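J.: Questions regarding the structure given below will be posed in turn.
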Number of protein chains: 2
Amino acid sequence: MKNYKFTVAYDGSRFHGFEKQPNVEMTIQGKLESVLSIMTDSKVEVIGAGRTDAGVHARAMICNAHLETDKSENEIRDYMNHYLPDDICICEVKEASDRFHARYKATGKTYVYTCYIGDIKPIFNRKYVYVLNRKPDINKMQEAAKYLIGSHDFKSFCGNPKMKKSTVREIDKIEIVSKGSYLTLSFHGTGFLQNMVRILTGTLLEVGWGKKNVEDIPDIIEAKDRQAAGFTAPAIGLCLMKVDYN
Amino acid sequence: MKNYKFTVAYDGSRFHGFEKQPNVEMTIQGKLESVLSIMTDSKVEVIGAGRTDAGVHARAMICNAHLETDKSENEIRDYMNHYLPDDICICEVKEASDRFHARYKATGKTYVYTCYIGDIKPIFNRKYVYVLNRKPDINKMQEAAKYLIGSHDFKSFCGNPKMKKSTVREIDKIEIVSKGSYLTLSFHGTGFLQNMVRILTGTLLEVGWGKKNVEDIPDIIEAKDRQAAGFTAPAIGLCLMKVDYN
């Protein structure tokens, strides 16, 4: 058995998230395991770097799986792309060391949240952007983002109210860029809690719209209460861009 | 009644073409007329610059319609965008002279056909590209395209076998550009016959694949026979980019 590392892109629109769930057909993990199990004629477990929510996209999710196969890396890739649906793509398959684990070995992740602000509707990428009705103040959002940088207890930004484990995470970069009709928020950190990027985005948008103040951010962090933060921005605008490994 | 000029973008995937047809709900013209008829509480006829095939996209189809309304140009645009489905967008509404006719006054059109050639599947724009399994020879395609420039009887490139009117058209520019995994064919001419851009594309691709020779093109034109030309490239890759008016 060899361990393989997969780079996977997907349009999350039709899927109930990355993680397989009982009696739910449309999950990314479920689709990957199903194709690899048929290919190897054995039960295959696919490990993902993280669990993207229902509707969230990925340009480079990293997974790994142990496989018994004579196929080359590119043959595995081509086989999978042939049998996977149109909205999941295997970008690359590489043999990895036996100790490589897509989740435990990940040291950082980049997510990008894309908003659209324009008089006219975005037609051709309407499934990958969150359409804003009001233009937020980008400077205020950038100021507010500075308070989020660093290692904090992000419990206020966690979508799972029953989270038992530590909610401390480290964010080292938030870039907020306005270009034409698009506003993108790029987050890099060691890891993110459930819904965390979407709640961070929702909170920053509320600052941009004047519903919250820049200076509210430290209090929101301090509150350790989901109610203190802003709304959960819709999944449609979120994309996992990169996973780091040493 | 004032005459209005509309710039319309649409993702043609779900539609049975631009032109309304009896008992067919999903046409662009049908959707536009329906929304404008409700807005003005009267029967409205929308004239399009051309009739795109089922599945063909547009970034700037031009239409016109005579309307009795108190709304401003932008109010008409916003009203329409609100009630039209997500895959049709009114980019601009402008009052036009009473004599403006979107079809009769059009002096030229630009269509772009987009092919994708890559080891991995295009996920995020899979509905707007034709995926090629084999890379064509771009130089040969460019050489072949030169024979198509000018005023010719394009009967061999007409998808309507019952076409009674003249099949003479003038093409003044064909640009074939390969960039990364994308191959685009851009056509500019005074007007195009039914399926003409798709048949031109299919024929040029066959030259690129070596199924036809560069020097076959004059004979194909001369034959005035649809069987002489190449296949009809699928609608998915085609987009109307621009309509010219004096």
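J.: Over all residues in A:123-135, what is the mean tally of Cβ atoms on other chains that come within 10 Å of each residue's Cβ?
T.: Per residue, the number of nearby Cβ atoms from other chains is 3 on average.
J.: Could you check how much of the accessible area of segment B:148-246 is carbon and sulfur, as a whole percent, using a 1.4 Å probe?
T.: That fraction is 48 percent.
J.: May I pose another question? Between A:Asn139 and the same site in the other copies, what are the distances in nm, shortest first, taking label points 7 Å from Cα along the C-beta direction?
T.: Output for A:Asn139: 5.6 nm, nearest copy listed first.
J.: Averaged across B:207-218, how many Cβ atoms of other chains sit within 10 Å of each residue's Cβ atom?
T.: 0
J.: Could you give each residue of segment B:195-203 its phi-based ³J(HN,Hα) in whole Hz, using Karplus coefficients 6.51, -1.76, 1.60 with θ = phi - 60°, and x for Gly or Pro?
T.: Each residue of segment B:195-203 in turn: 6, 4, 5, 5, 6, 4, 4, x, 5 Hz.
J.: Taking only the alpha carbons of segment B:2-96, what extent do you get along each of the three principal axes, in Å, biggest first?
T.: The Cα atoms of segment B:2-96 stretch 34, 26, 22 Å along their principal axes.
J.: Counting partner chain Cβ atoms within 10 Å of every residue's Cβ in B:181-194, what's the average?
T.: 0
J.: For segment B:2-56 and segment A:78-157, write down the distance between their C-alpha centroids in whole Å.
T.: The two parts, judged by their Cα centres, are 36 Å apart.
J.: Taking the alpha-carbon set of segment A:107-245, what are its Rg and Dmax in Å?
T.: Radius of gyration, then largest Cα-Cα span, for segment A:107-245: 14.3, 44 Å.
J.: For segment A:72-191, what relative contact order do you get, as a whole percent, if you take Cα pairs closer than 8 Å and at least 6 residues apart?
T.: Reported relative contact order: 27 percent.
J.: B:Tyr245 versus B:Thr184, label points 7 Å from Cα toward the beta carbon: distance in nm?
T.: 2.5 nm
J.: Give a quick list of chymotrypsin sites (Phe, Trp or Tyr not before Pro) in segment B:58-162 that DSSP marks as loop, anything other than H, G, I, E or B, with at most 10 other Cβ atoms within 10 Å.
T.: B:Tyr104
J.: At 37 °C and 0.692 mPa s, what whole-number value in µm²/s does Stokes-Einstein give for the translational diffusion of the protein assembly as shown, with Rh from the Kirkwood sum over Cα pairs?
T.: 128 µm²/s
J.: Tell me, what is the percent relative contact order of segment B:2-96, built from C-alpha pairs under 8 Å that lie six or more residues apart?
T.: 44 percent
J.: So if R0 is 35 Å, what FRET efficiency would A:Ser72 and B:Ala54 give, r being the distance between their Cβ atoms, rounded to the nearest 0.05?
T.: The calculated FRET efficiency here is 0.30.
J.: So which residue of A has the beta-carbon closest to the axis that swings A onto B, and how many whole Å away?
T.: In residue-and-Å form, the answer is A:Asn125, 4.
J.: In addition: Quick one: compute the contact order of chain A, relative version, from alpha carbon pairs under 8 angstrom and 6+ residues apart, as a percent.
T.: Once normalised by length, the contact order is 24 percent.
J.: Continuing with this model, one more query. Return the subset of A:Lys20/A:Lys162; A:Lys105/A:Lys224; B:Lys127/B:Lys165; A:Lys2/A:Lys71 for which the Cα-Cα distance in this structure is over 22 Å, preserving the input order.
T.: A:Lys105/A:Lys224; B:Lys127/B:Lys165
J.: Under a point spin-label approximation (7 Å from Cα along Cα-to-Cβ), what is the A:Lys224-A:Asp86 distance to one decimal in nm?
T.: Inter-label distance under the simple model: 4.9 nm.
J.: So for each of A:182-188, B:18-24 I average, over its residues, the number of other beta carbons within 10 Å; can you give me the resulting order with the highest mean first?
T.: A:182-188, B:18-24
J.: Give the nm distances, rounded to one decimal, from B:Ser166 to the matching residue in every other copy, measuring between label points 7 Å along Cα toward the beta carbon; shortest first.
T.: 7.9
J.: Trypsin sites (Lys or Arg not before Pro), restricted to segment A:111-206: which are DSSP loop and have at most 10 other Cβ atoms within 10 Å?
T.: A:Arg134, A:Lys162, A:Lys164, A:Lys165
J.: Sticking with this structure for a sec: Which pairs in the list B:Lys43/B:Lys109; B:Lys155/B:Lys211; A:Lys31/A:Lys135; A:Lys121/B:Lys179; A:Lys94/A:Lys173 are over 32 Å apart, alpha-carbon to alpha-carbon?
T.: Going by Cα-Cα distance, A:Lys31/A:Lys135 fall outside the 32 Å limit.
J.: Write down Rg/Rh for chain A, rounded to two decimals, with Rg from the C-alpha atoms and Rh from the Kirkwood relation over Cα pairs.
T.: 1.00
The values are calculated or read from the model by the stated rules, or taken from the named source; none is laboratory data. Computed from a prediction, not measured in an experiment: that's the story for all the values here. Note: ideal-geometry Cβ built from the backbone for every residue, glycine included; neighbour counts use all protein chains shown. Ligands, DNA and RNA are stripped out before the accessible areas are found, and what is left, the full protein with its side chains, is counted by its heavy atoms. Shrake-Rupley method; radii C 1.70, N 1.55, O 1.52, S 1.80 Å.
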